[in-house]
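First the structure, which I've put down as structure tokens, then a few questions once you've had a look.
The values are calculated or read from the model by the stated rules, or taken from the named source; none is laboratory data. Given the structure is predicted, the values throughout are model-derived calculations rather than measurements. Every residue, glycine among them, receives a Cβ derived from its backbone with ideal geometry; neighbour counts consider all protein chains shown.
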Amino acid sequence: MQYNRIKDVLATEPLQQKIEVRGWLRTRRNTRDFSFLEINDGSCLANLQVIATPDLANYEAIVLKLHTGCSLRVTGELQESPAKGQKVELHAGTIEVYGWADPDVYPLQKKRHSYEFLRTIAHLRPRTNSLGALARIRSSLSHGVHQFFREQGFVNVHTPIITTIDCEGAGDMFKVVAPSHTLQEKTDAAANTHFFGKPANLTVSGQLQAEVYAMALGKVYTFGPTFRAENSNTSRHLAEFWMVEPEMAFCDLAENMDLAESFLKYLVHHVLENDAQDLQLFAKFIDKKLYAKLQMITDKPFCRISYTEAVNMLQKSGKNFEFPVQWGTDLQAEHERYLCEEIFDQPVFVIDYPKDIKPFYMRVNDDNRTVAAMDLLVPGIGEIIGGSQREERYDVLCTRMKEMHLNLDEYRWYLDLRNFGTAPHAGFGLGFERFLQFVTSMNNIRDVIPFPRAPGSALY
Ligand code: 4AD
Ligand code: MG
């Protein structure tokens with residue numbers, strides 16, 4: 001099944017060649033003498049312009065009835081285009097219809113639709129310019145993630161999606177249950193109530209399992225879907241999102257920040273180099289300052305401040321926040337954004353958070369009040385990365401887990417890593433959708449993932 005992809009056709013352009021394209025009709029326009037068809041096949045943002053003349057055998061019967069949304073196969077000859085804004089056009093020799101789209105009911109008309117509306121037709125929205133561009137950028141950045149870690153010598157580990165632990169200790173987990181008829185077929189008592197012999201859930205993070213592999217392979221990363229049953233109906237939260245989580249043995253918090261910083265710089269270079277045309281769409285229609293924002297990532301080193309310094313700065317700012325700032329409470333999105341947008345105007349790592357507001361696995365600092373945590377805050381988003389140095393000291397970890405009322409028996413394997421050849425280690429998690437939001441300036445996180453899952457909404 002050989003046919004030409006429009007992206008390649010537009011990039012190579014040896015003229016007079018015979019080509020065949022397959023795609024969806026975006027628009028059709030008639031002049032007195034012929035029809036212009038704009039075809040998009042999803043390979044790139046640009047359409048290919050097709051000239052259909054009345055000498056086509058099916059001109060009257062078919063071509064003049066074509067409407068937005070129908071799928072076509074067109075063969076013909078590529079020629080230089082006299083029109084502005086495009087170098088080539090296809091002079092059709094044959095046009096065949098794969099499938100029609102009734103113009104009275106096809107929901108995607110030529111006008112711009114709101115993203116809210118497009119979310120209600122998630123099966124058709126990838127055919128729009130911006131959602132198509134997002135899908136390509138997402139794919140390209142996913143590739144960039146793997147490329148970065150591969151170049152840095154990291155091993156990709158596929159951590160489980162079904163787990164029996166709570167990594168973040170926040171309890172925001174979806175339960176995994178088997179249908180009762182499956183359970184009744186089982187004979188042992190434990191399995192009668194739980195398919196896996198104990199309660200199971202969808203993972204909130206692959207970190208703890210990544211730690212296992214880091215403590216054997218040195219440098220690993222996992223990149224997969226994670227799930228949070230928090231009732232956060234915001235433009236930055238999803239119930240199902242993708243997270244990139246590297247984990248490094250023999251590594252402290254400063255080296256962890258170095259990795260996070262070079263990772264983000266790499267990804268921004270990657271998207272600028274590989275997705276220029278798609279990115280341009282967002283710079284033109286969504287955020288006129290997009291390139292300046294991306295340049296801020298590539299050109300300047302990120303700031304690094306402690307939580308205590310951040311709290312002091314916020315308190316001194318005189319700004320009236322909805323949530324008051326107080327040492328010991330977590331930073332809210334408004335505080336995070338104020339720090340990186342107003343005070344620093346660049347990405348900021350905030351480190352050494354109070355231990356009481358962070359999970360059990362973070363390494364306790366010498367002050368015994370804070371932990372070696374790091375959050376990276378970026379303009380427009382707030383927290384985009386959360387990470388830490390992990391507690392590698394067996395006794396300290398046990399004490400902390402007891403303080404947090406965790407059942408140590410369930411984490412025996414995790415504690416074992418501290419008994420057998422323990423070492424300093426660290427890692428972080430990048431919210432992939434938050435990063436995509438940053439790169440495209442899309443306002444709502446539900447528009448940077450193909451099928452968003454959020455409280456009250458999971459189409460298909
Ligand atoms: O800060 P979080 O909760 O960190 C962890 O899960 C660690 N176990 C990661 C690690 O150290 N390996 O989440 C990491 C990132 C956040 O900074 C944010 O970008 C994103 O994941 N995130 C979400 N993205 C979309 N929707 C949600 N509900 C998110 N919750 C977190
Ligand atoms: Mg976090």
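Provide a single number: the residues in region 43-55 that are touching a helix residue (DSSP H, G or I) at 6+ places or on another chain (Cβ under 6 Å) and over 15 Å from residue 5 (Cβ atoms).
Here the count works out to 1.
Follow-up. Go through the residues of region 420-431 one by one and say whether even a single one is crowded, with 18+ Cβ neighbours inside 10 Å and within 30 Å of residue 124 (Cα to Cα).
yes
Looking only at region 259-281, how many residues end up being within 21 Å of residue 244 (Cα to Cα) and surrounded by 14 or more Cβ atoms within 10 Å (Cβ to Cβ)?
So the answer is 15.
Another question, then. Against the definition (more than 15 Å from ligand 2 (Cβ to nearest atom) and of a type in the set (Gly, Ala, Ser)), how does residue 441 come out, yes or no? Full working, then the answer.
Details: more than 15 Å from ligand 2 (Cβ to nearest atom): yes; of a type in the set (Gly, Ala, Ser): yes.
Yes, satisfied.
Pull out all pairs, ordered by first then second residue, where Cβ-Cβ is under 8 Å, the residues are six or more apart or on different chains, the first lies in region 55-72 and is of a type in the set (D, E, K, R), and the second is at pLDDT 95 or above.
60/54
Could I ask something else about it? Hey, does region 350-368 have a residue that's among the polar types (S, T, N, Q) and within 14 Å of residue 400 (Cα to Cα)?
The answer is yes; a qualifying residue exists.
Now a separate question. I'm trying to understand the selection: among the residues of region 188-247, which are buried (at least 17 other Cβ atoms within 10 Å of the Cβ), in a helix (DSSP H, G or I) and either within 16 Å of ligand 2 (Cβ to nearest atom) or aliphatic (A, V, I, L, M) (or both)?
Residues satisfying the conditions are 207, 208, 210, 212, 214, 215.
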